[in-house]
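Working notes, structure below.
The values are calculated or read from the model by the stated rules, or taken from the named source; none is laboratory data. This is a predicted model, so every value here is computed, not measured. Ideal geometry is used to build each Cβ from the backbone, glycine not excepted, and the neighbour counts take in all protein chains shown. The protein model used for the area step is the full one, side chains on, heavy atoms only, and it has no ligands, DNA or RNA in it. Shrake-Rupley method; radii C 1.70, N 1.55, O 1.52, S 1.80 Å.
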Amino acid sequence: MRASEECLAMLKKHEGVRFRPYKCPAGLWTVGVGHLIGDGRTLPPEWNRTFSSDEIDSILANDLRRFERGVLRLCPRIQHQGQFDALVSFAFNLGLGSLQRSTLRMKHNRGQYDSVLKEFLKWSKAGGKVLRGLLHRRKDEARLYAKDY
């Protein structure tokens, strides 16, 4: 499976798209849709430019491959594209390690699909506080997960 166009649009909406390199809140050089440039500590001269939409899409597609493979490995009971896309978005945002350790994944793999929807919302906090942007993202992921039931 591959991430759908709907998944790509959702990632761009929630992650944002930057056509020029910038320092993320962690102080690391980033471009496109959350793509870390090298080790993030220095900006190589060849990256100090404006990227085209096609280049950003290509970088995102390459970054997504790792998450697509990881989701398929960690969540073998995927029933439809919406589930896959939601899990890829979740992993892209939080990392495959968070997905692997999550109750969300355990419930998915047990076939407790209705319970998974509530689990998405548990991942909308940072620093102990619910962040509106994360809450919107998790609601979008839950909607996508349940889409093709």
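Please work out which one of (1) assigned to a helix (DSSP H, G or I); (2) open to solvent by 20 Å² or more (accessible area, probe 1.4 Å) is the condition Gly38 fails and give its number.
In the conditions (1) assigned to a helix (DSSP H, G or I); (2) open to solvent by 20 Å² or more (accessible area, probe 1.4 Å), Gly38 misses (1) alone.
Each row is one residue, and each column tells you yes or no for (1) free of Cβ contacts under 8 Å to residues at least 60 places away in the same chain; (2) closer than 21 Å to His35 by Cβ; (3) open to solvent by less than 40 Å² (accessible area, probe 1.4 Å).
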{"residue": "Arg69", "(1), (2), (3)": "yes, yes, no"}
{"residue": "Gly95", "(1), (2), (3)": "yes, yes, yes"}
{"residue": "Ser98", "(1), (2), (3)": "yes, yes, yes"}
{"residue": "Ser102", "(1), (2), (3)": "yes, no, yes"}
{"residue": "Lys107", "(1), (2), (3)": "yes, no, no"}
{"residue": "Arg138", "(1), (2), (3)": "yes, no, yes"}
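Kindly indicate whether Lys129 is touching a residue at least 12 places away in the same chain (Cβ under 8 Å), more than 15 Å from the chain's Cα centre (by Cα) and over 30 Å from Arg20 (Cα atoms).
no
For every residue, the table says whether it meets (1) modelled with pLDDT of 95 or more; (2) under 21 Å from Arg20 (Cβ atoms).
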site: Gly38; (1), (2): no, yes
site: Asn48; (1), (2): yes, yes
site: Ser52; (1), (2): yes, yes
site: Ala61; (1), (2): yes, yes
site: Arg66; (1), (2): yes, no
site: Arg69; (1), (2): yes, no
site: Arg73; (1), (2): yes, no
site: Gly82; (1), (2): yes, no
site: Leu104; (1), (2): yes, no
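Filter segment 7-35 down to the residues that are assigned to a helix (DSSP H, G or I) and either touching a His at 6+ places or on another chain (Cβ under 8 Å) or surrounded by 17 or more Cβ atoms within 10 Å (Cβ to Cβ) (or both) and list them by number.
Correct list: Cys7, Leu8, Met10, Leu11, His14, Glu15.
Restricting to segment 41-58, name every residue that is part of a loop (DSSP other than H, G, I, E, B) and of a type in the set (Phe, Trp, Tyr).
The answer is Phe51, and nothing else.
For the structure I just gave you, tell me whether Met1 is closer than 22 Å to Ala126 by Cβ, in contact (Cβ under 8 Å) with a residue 12 or more places away in the chain and touching an Asp or Glu at 6+ places or on another chain (Cβ under 9 Å).
In short, no.
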